[in-house]
Structures are given as C-alpha cells and as structure tokens.
C-alpha cells in the first residue's frame, strides 16, 4: 500500500483542504438561505388564487425540477457572460444552487401549507388580518414546522450538490482536491479525505433529519 | 445570441449526439441500479444479523456523499489500485452505485410497508419463503414503490450530466464545446439542452403521477 495511501497529504496540504471546505460550507449556507426565501415566495405564488402568479409558480417548479443542476449553473457561468455579465465560479455556482434548490423547497413548503386547515386562514382573515399577514404570522410558521424534516433533507442535498462548484472552478472542496491530487499524484488518498470532509457535514445532518422524522411521526400517533 | 447558427445542422446534431450518450448512459444505469437496489433492499429487509447492519452502514455512507465525488473517485482514484475504467463505464459505475443505494432504501421502504402478517399468513398456508416474496409481498410492494422509483430515475437522468467532470461526451459536455466556437451559441444551446431534458423528464413525471393517482 505504500505510495498509494499517504496520511501526510492531509497535513501537508491542510490549508488548501480547509480553504475548500470553508467555501463548500459558505456556498451551501448562502444557497440555503437564498433558496429558502425564493422557495417560500414561489410556494405562495403556486397556491395563490391569482392566475398569472399561480401559473408562474407552477412553471418555475416544473421546469427547474426537470432539468439538471449543471444546466442552471451553466446559465450563470456561461450564459450570462455571453450577454456581457461576467460572474466568477463561486458566485455562479452558488446562484445556480439557489435557483435549483428553491424549486424543491417550494414544493416542500406548498405541501406544508396544504396541511394547515383552511379554517385557520378564514379565522385570521375574519379577525381583520390581511392576506400577507395571515400567511406570515398564521399559515407559514405552522407549515414550515411540519415540513422541517424535508427542508433539512434539501439542505443535505445542497451540501452534496455544492460539489458542482468544482465544474466551474468555484474554489470548493472538490476543486482544491483536484489541485492537490495533481500535485501529489495520490488521488486515492486525496479523495478519501475529501469524502471524509463531506461526511463530517452530511452525516450529522442526516442523523438530525432521522431524529426529527421519528419525533414528528411519534407525535402524530 | 445566434439561434440560426447554434441550430444549424452540424451544431444541432452535435447537441443531439450528446443527448444520445446521456440517454444511453442513463438507460444502462437505470437497469443496473434497479437490479442492485432491489438486491440490496431485499437483503436489508430480511434482517440477516450481521449482513443487514453492514449494508445499512455502507448504503448510508454512499447516500451521504456527492455523486460527483463518487464518479470522479472511480475514474481518477481507482486506477491507483489497478481498476481502470473508461469515462463511459466510470459514469455508469458511479451512477449505479449511488442511485442503487438510493433505490435500495425505496425497495426496503416498499417491502416494509406490506404488513408482516401477510408473510405469516402466506407461510402458514404452505408457501415457501421465495414463493411468499414472489407472489405475495413483491407485487404489492412494487406498486407502492413505483412513484418514488420514477422520481429517482428522473434524478438519475439529470445526474448523468455530472459525468462532464470525466469528459464523457454527453450533452452538457458538448454544449460547453459549442461555447468555445462562439459565445453567441451559449444561450441557444443551453435552451435546447433544457428542452430535451424537460421533455423526457416531464413525460416521466406525468407517468409517475398517473401511477400515484391509481394507487389512491
């Protein structure tokens, strides 16, 4: 095994591993916040009684969910520069993740909103709250609590999907792994460590989701 | 933006060729990952003491890794221990492994949703274990598994584009090459790729919804 697996790679290239890891976390968190806001807006559009908004929400969700993430990222990384708007890899990758994940989060939230009894909306409206107030203070808090496990699942996907940044030189973990692997000629070692870095992020999240799902389902029965 | 240039026959056929590779890789991976996922799902369902636990850990690890990393690992790192695969087979191996792990969870869930009392009833009426699985449990489980399975296959088709990192000549790879010819081709080429993916996946998701509606 000598020469094939070398633990020193981690120590010697620690700074670049860390740099990539931090960018991966950064991109995931920014994209999560962005896609949560965008996804909530789209979910509200999707269920709104106002036809054009409703249509726009449906088209967004159906279109984005059926095309690859890479295509969305390429729109920002290759498409916008061709129109004279240059974006770097990190920015276009993170924007792509945001726009893509928003479609999935919108579906989660829409499903959540539908579980809130319509009597609550009617009661809120009857007491004088506006539509926006009703949504913001009555419906959404309940809906989001219900779909928290599925939104957390989307966050796990987001962390994994952030590896797409490497395709557009987005300075993430996979991107730096490529550089380190080219320097050391030890891809087996480098990518095993990279896998561990990803697991450090995704495994605790998965366990959290598991715990939430179990607690929620036992609260139901 | 130059739609006429981007959709001239040489360029259009180049994009379509790429989509052909995408479809072939996806189709092979769907078949292989379904076989792998079914075997793993059944093995986990049987609760064989040591094996079921071990499989659970391995499947969880795979499911929590980026597919991009898995594909890249197979293509770049495995040659170091003597396993050399072409980009075509690296992509299929990566997709099969990752989606197979995902599908095994769907299969296990589907099997678990069939009441265990049915096994006992089937066994006590004289059917063997294999017969019970084959005629009683699997048909019911398969019906419940269809909608999530189709969603997983839609993901698989989209994920095929990740093989761009190992230079598989699939559609996104070809779109990127067209960008090298002219910046004006980028948006039209991306649009064409989006429409192709959308057409196939939307059809699949309509089928999935039909299946789901029939179940209720």
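The table that follows gives values for the structure above.
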item: Helix B:9-46 vs. chain B, principal-axis angle (Cα, 0 to 90°, nearest 10); result: 20
item: Segment B:3-215: projected area of the alpha-carbon convex hull, averaged over directions, in nm²; result: 14.5
item: Relative contact order (percent, whole number), segment B:3-215, Cα cutoff 8 Å, 6+ residue spacing; result: 31
item: Rounded to 10°, Cα long-axis angle of helix A:173-184 versus longest principal axis of chain A; result: 10
item: Between segment A:48-95 and segment B:1-68, the alpha-carbon center distance in angstrom; result: 23
item: Virtual spin-label span in nm between residue B:48 and residue A:129, 7 Å along Cα→Cβ; result: 5.5
item: Ellipsoid equivalent to the protein assembly as shown - semi-axes via the Cα gyration tensor, in Å; result: 34, 31, 23
item: Estimated FRET transfer efficiency (residue A:63, residue B:125; beta-carbon r; R0 45 Å; 0.05); result: 0.30
item: Cα-projected label distance for residue B:203 with residue B:8, points at 7 Å along beta-carbon direction, nm; result: 3.0
item: Mean separation of Cα contacts under 8 Å (6+ apart) over length of segment A:85-211, as relative contact order %; result: 31
item: Kirkwood Rh, Cα atoms: Rg over Rh of segment A:8-220; result: 1.06
item: In degrees, nearest ten, helix A:187-220 long axis to first principal axis of chain A (Cα); result: 20
item: Dimensionless Rg over Rh [segment A:109-221; C-alpha; Kirkwood]; result: 1.23
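Every number in this text was worked out from the coordinates using simple rules, so none of it is lab data. For clarity, every value in this text was computed on a predicted model and none was experimentally measured. So basically every Cβ, Gly included, is an ideal-geometry build from the backbone, and we count neighbours across all protein chains shown.
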